[in-house]
1. Please tell me if Thr25 is in a helix (DSSP H, G or I), more than 23 Å from Arg93 (Cβ to Cβ) and not small (Gly, Ala, Ser).
2. Could you check how many residues of the stretch 43-95 are aromatic (Phe, Trp, Tyr) and not in a helix (DSSP H, G or I)?
3. Here are some residues: Phe38, Phe91. Which one is hydrophobic (A, V, I, L, M, F, W, C) and within 15 Å of Gly142 (Cα to Cα)?
4. List pairs: first in the stretch 83-103 and on the phi > 0 side of the Ramachandran plot, second among the small types (Gly, Ala, Ser) and modelled with pLDDT of 95 or more, Cβ under 6 Å, 6+ apart or cross-chain?
5. Restricting attention to the stretch 124-142, does a residue exist that is of a type in the set (Gly, Ala, Ser), closer than 15 Å to Trp78 by Cβ and touching a Leu at 6+ places or on another chain (Cβ under 7 Å)?
6. When you check Phe111 against the structure, is it more than 17 Å from the chain's Cα centre (by Cα), under 26 Å from Asp59 (Cβ atoms) and at pLDDT 95 or above, yes or no?
7. Can you tell me how many residues in the stretch 47-89 are loosely packed, with under 13 Cβ neighbours inside 10 Å and over 23 Å from Phe111 (Cβ atoms)?
8. Phe100 passes all but one of (1) over 13 Å from the mean Cα position of the chain (by Cα); (2) at pLDDT 95 or above; (3) under 21 Å from Ser71 (Cβ atoms); which number fails?
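The values are calculated or read from the model by the stated rules, or taken from the named source; none is laboratory data. Please read these numbers as outputs of a predicted model, since none were measured by experiment. Here the Cβ is made from the backbone with ideal geometry for all residues, glycine too, and neighbour counts use every protein chain on show.
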Amino acid sequence: MNGLYKRYQTIERRVTDWTVSHGTTVLRISVGVIYFWFGVLKFFPGLSPAQDLAIRTIDVLSFGLIPGNVSILLLATWECLIGIGLIFKLFLRTTLFLLFLQLVGTVMPIFFFPNEVFFRIPYAATLEGQYIIKNLVLASAGLVIWGTTADGNKSEPPHHQP
């Protein structure tokens, strides 16, 4: 039994070491894929479930100055750039700033269109509301990536001297 426990500890240590070494990179690339994927969908009318809500939100935020067909293309491009920046680790701090700015915009429908975001305000979210609420995970991932990026170009945690 003691040998089996030691083997378990060895495997657990190796898995932990791998996650410490590569977890942030996997997180960064995963979030990048999500942003790129969701951005690409917005280039094709009707494929993004958030398209109409996004267009109306941008319309309110821009005081009607940006037409819907332009706003969705701008948002699609913005999200694709975030995705590419995260996947390929390009201009990481700027990319993360754009991510956080985009996330602020995605929360706005809660305030602008609460009856479309909730069946029962504030606890029973519609599908669109759930789509918005899941962004808490993306915001948290962005914070982790930012916090473990020592110089804005690395995605591995900084090494601290004991």
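1. Details: in a helix (DSSP H, G or I): yes; more than 23 Å from Arg93 (Cβ to Cβ): no; not small (Gly, Ala, Ser): yes.
For Thr25, the condition - in a helix (DSSP H, G or I), more than 23 Å from Arg93 (Cβ to Cβ) and not small (Gly, Ala, Ser) - is not met.
2. Pass one, the stretch 43-95, residues aromatic (Phe, Trp, Tyr): 43-44, 63, 78, 88, 91.
This time we only want the ones that are not in a helix (DSSP H, G or I), so: 43-44, 63, 91.
Residues that pass the stated criteria total 4.
3. On the way: Phe38 fails: within 15 Å of Gly142 (Cα to Cα).
Criteria check complete, one pass: Phe91.
4. Phe91/Gly85
5. yes
6. Numbers: more than 17 Å from the chain's Cα centre (by Cα): yes; under 26 Å from Asp59 (Cβ atoms): yes; at pLDDT 95 or above: yes.
Yes, satisfied.
7. 2
8. With (1) over 13 Å from the mean Cα position of the chain (by Cα); (2) at pLDDT 95 or above; (3) under 21 Å from Ser71 (Cβ atoms) applied to Phe100, the lone miss is (1).
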